[in-house]
Amino acid sequence: MLIQIGLLILGLVLLVKGADWLVDGASVLAKKKNVSDLAIGLTIVAFGTSAPELVVNVVAASGNYPDIVFGNVIGSNNFNLFVILGISGLIIPLSVQSSTVWKEIPFSLIAAVGLFFLANNFFFSEETLLSRWDGLILLICFAAFLYYVATQLKSDPEAEQVEAKDYSNLKIWTLIAIGLAGLVGGGKLVVDNAVSMAQSLGVSEKIIGLTIVAAGTSLPELATSVVAAMRKNADIAIGNIVGSNIFNLFLILGVSSVIRPLEFNISFNTDLYILGAGTVFLFLAMFTGKRQKLDRWEALVLLSSYLLYTGYLIGLES
């Protein structure tokens, strides 16, 4: 068991560092090729924080572990919303832009509701399955969201700046190669050892995916938002989380289900209800206390809710 835990932690470290190295090298390469800051931000940098979830899910989907696939994405979204926003909001009350309140937060709720209807197949079949056609629908929605973000960034020049570094070509390609290797190797280590741990502990892959794997692959978002909150940059702290949740549902589940149709365990519906309720709470929090701000007491509610939720998950297995 200790070996499995050690290998799982090693896999998570490789995932996080691999994404960091890949983004670092790819961003410099793109700048040298005169790719715009906007394009870099929308593709390479945005991909960076979602890369751990994406790689884990590609490996899990290929190996036919649907509970790891859904557990990782839904669990990561709940961890992002309740824990990361909770911690960030306790550090500093988070002021939220009007566009985030009225567009991005509702968009993330629509994404969760859309997954609920697609996975449960209310209209087309009694079988609960996220099919390849469902995956294509999710990817189309992701493309639409990217277009929306692009139009938003064009109207906000300050958001388009990407830090440029001066690396040699050898260092650039070394970073990209090591980053990709770290992502692939880390993703396989995480999935293989998460499944082994579930079998050894006698708990379901669903629980492992919702907790350990989900929290581990959310480390980039945690680091980004906490640092942003400490620097009093609320836009990045909350925008990173809302955007990541949309990426996870549309892009990562879209890619995963295109690789292999995924059987949906209806017990995940409870976790989707919690995700939806948390998103609605975040929206309503913009109109209580100070308007368009996540106050500390609201952040504490989010964090406390996650602790109760985790206790509930553990109780199901006992």
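The values are calculated or read from the model by the stated rules, or taken from the named source; none is laboratory data. Owing to the predicted nature of the structure, the values given are computational and were not obtained by experimental measurement. Cβ coordinates were reconstructed from backbone atoms using ideal geometry, including for glycine residues, and neighbour counts include every protein chain displayed. The area values use the complete protein model at the heavy-atom level, side chains included, leaving out ligands, DNA and RNA. Shrake-Rupley method; radii C 1.70, N 1.55, O 1.52, S 1.80 Å.
Before moving on, here are some points about what is shown:
- Between 14, 270, 92, the Cα set farthest toward the positive side of the dipole of the chain (charges on each charged residue's Cβ, about the Cα centre) is that of 92.
- Put the Cα centre of region 217-248 next to the Cα centre of region 52-91 and the gap is 14 Å.
- With R₀ fixed at 35 Å, the C-beta to C-beta distance from residue 277 to residue 99 puts the FRET efficiency at about 0.90.
- Counting charges near residue 179 (Lys, Arg +1; Asp, Glu -1) among other residues having Cβ under 11 Å from its Cβ returns a value of -1.
- Remark: for residue pairs 17/293; 103/171; 17/206, the C-alpha separation exceeds 30 Å in 17/293; 103/171.
- Shape of region 172-260, Cα gyration tensor, a/c cut at 1.5: prolate
- Distance histogram in 20 Å bins (all Cα pairs of the chain, percent per bin): 33, 60, 7
- Summed side-chain charge close to residue 267 - residues other than residue 267 whose Cβ falls under 10 Å, Lys, Arg +1, Asp, Glu -1: -1
- Once the chain from residue 316 to residue 223 is taken as fully extended at 0.36 nm per residue, the excess over their C-alpha distance is 30.5 nm.
- Accessible area per residue for the chain, computed on protein heavy atoms with a 1.4 Å probe, is 45 Å².
- Point-to-point label distance, residue 140-residue 173, nm (Cα→Cβ direction, 7 Å offset): 4.0 nm
- Springs between Cα atoms under 10 Å define the GNM used for the chain, and in it the highest mean-square fluctuation of 218, 76, 204 occurs at 204.
- A simple count of charges around residue 294, restricted to other residues whose Cβ falls under 15 Å of its Cβ and scoring Lys, Arg +1 and Asp, Glu -1, yields +1.
- Ordering 167, 147 by accessible surface, largest first, gives 147, 167; the 1.4 Å probe counts only protein heavy atoms, with every chain in place.
- Computed magnitude of the charge dipole of region 240-318 (debye, nearest 20; Cβ of K, R +1, Cβ of D, E -1): 380 debye
- Each Lys and Arg adds +1 at its Cβ and each Asp and Glu adds -1 at its Cβ; summed about the Cα centre, the chain shows a dipole of about 660 debye.
- Packing rank of 294-303, 19-28, where each peptide gets the mean count of other beta carbons within 10 Å, highest leading: 19-28, 294-303
- Adding -39500 (n - 2.57) for every DSSP H run of four residues or longer, then dividing by how many residues the chain holds, sets the calculated 222 nm ellipticity at -23000 deg cm²/dmol.
- Compactness of region 247-318 was expressed as the Cα radius of gyration divided by 2.2 N^0.38 Å, which yields 1.42.
- Between the beta carbons of residue 184 and residue 34, assuming R0 = 41 Å, the FRET efficiency works out to 0.90 to the nearest 0.05.
- The chain - percent of accessible surface contributed by carbon and sulfur, probe 1.4 Å: 67 percent
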